[in-house]
1. Return the carbon/sulfur percentage of the accessible area of the chain, one whole number, probe 1.4 Å, all protein chains in place.
2. So if I take the centroid of the Cα atoms in region 74-148 and the same for region 184-210, what is the distance between those two points in Å?
3. Quick one: grab the alpha carbon gyration tensor of region 272-332, order the square roots of its eigenvalues as a ≥ b ≥ c, and give me rounded if a/c is under 1.5, else prolate or oblate depending on whether a/b is larger than b/c.
4. Considering only the other residues whose Cβ falls under 10 Å of the Cβ of Val342, what net charge follows from Lys and Arg at +1 and Asp and Glu at -1?
5. Excluding ligands and nucleic acids, what accessible area in Å² is computed for Ser175 using a 1.4 Å probe, to the nearest 10?
6. At a threshold of 8 angstrom on Cα-Cα distance, excluding pairs fewer than six apart, so keeping six or more, what relative contact order does the chain reach in percent?
7. Rounded, prolate or oblate, given the Cα gyration tensor of the chain, with a/c below 1.5 counting as rounded?
8. Taking the Cβ-Cβ separation of Val245 and Asp93 as r and a Förster radius of 45 Å, what is the calculated FRET efficiency to the nearest 0.05?
Amino acid sequence: MKLFQKRLLWIFLAAALAAGLYAGLRFSRLVDVPFVFERGDQPDLQTPPGFAIEIFADGLDGPRFMAFGPDGNLYVAERWGGRVTVLRDLDGDGIADERSVFADSLPGVHSIVFHQGAFYAGIPSGVVRLQDGDGDLQPETRQVVVDGVPTSGTHNTRTVIFLPDGRMALSVGSSCNVCEEDDLRRAAVLVYDGPQGGGERFFASGLRNAVGLALHPESGALWATNNGRDLMGDDLPPDTVEVVVEGGEYGWPSCHSGRILDPNMGFAGACDGVQVPAAELQAHVAPLGLAFYDREAFPEAYRGDLFIAFHGSWNRSEPVGYKIVRLPLEGSRVTGPVEDFVWGWLEASGTVTGRPVGVTVGPDGALYVSDDLNGRIFRIGFEGG
């Protein structure tokens, strides 16, 4: 395990991917990381009483975001595999029985969403439309509907979502930790006229890396996780959960969390008019996927709450994250701090045995979570008690 020590995990993911330096657990020796990453058997994961967690699928190649199709199957974006895989639970026992490649040749694919008869895959340069009209789990048509999105730099995941009015939104992270961007489409959420793209414009700006996007089930508002900048210490600035309003300015690179001036890029008045986050999180937990719980299988206290995947820190003297948390809500109002929901990927020794990424609610009411360190999908269901 010493080979895994003092290795960088994701500091320059986009550059590493482009150069072919990242594969499995090959990391560049660029900064000291005070803990160990370890692939292996299922860790001793913990949940609140009454919940049970099991492996739904294993052996995937960098699973990121997921979506259930109208056929009830789970479609998974495998980032390192460059494909979308479909997982089928034929006997309903909570474990995938069959898998097949739905679409390949999608380098760096990170997100997948179903909308009006087709799937839309977010890749570094834009969005690809995949339509399976006959339901044979093979798309008959494949169309690039958004192209030319900048791909250079450190944040090249692209999350696609459809707004209630039918417009398509796409998150585009910054090219750097903190800088003035040459391409102003970075550190933003872009919006397009509809499923065919076109009419590209800003929806919101100043979001350093809004990886996760989700619509509130009642208000229809767009919510996002946002990863704060690095190299300001262990506890600054906070990572955040944001309600993303059209035309909103979120401050990066000069203002963080609506109240903290950047030590390098800040200036008097930089936080004026900046949107305040819905919730502040521990710095460097790296919040990625998020999902509102809109089913009835969980106890009533959990319904309507927001579940968030913390991918975990690489740049902190004491590691944090590596878990699923629950943000309690009443409607759209946050009623308290995040609470641990699934934990155990970060051991007391400092060993990290998993990195949760995507979170989605299944038609069975269970919560499904991807782990891109071990290539797994977990299913968390409520069994009572």
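The values are calculated or read from the model by the stated rules, or taken from the named source; none is laboratory data. Computed from a prediction, not measured in an experiment: that's the story for all the values here. Cβ placement follows ideal geometry from the backbone for every residue including glycine, while neighbour counts extend to all protein chains displayed. Please note that ligands, DNA and RNA were not included when accessible areas were found on the heavy atoms of the full protein model with its side chains. Shrake-Rupley method; radii C 1.70, N 1.55, O 1.52, S 1.80 Å.
1. That share works out to 48 percent.
2. Distance between centres, Cα-based: 22 Å.
3. Values: a/c = 3.03, a/b = 1.39, b/c = 2.19.
Because a/c hits 1.5 or more and a/b fails to exceed b/c, region 272-332 counts as oblate.
4. Value of the local net charge: +1.
5. Spelled out: Ser175, probe radius 1.4 Å, area about 30 Å².
6. 16
7. rounded
8. About 0.60, to the nearest 0.05.
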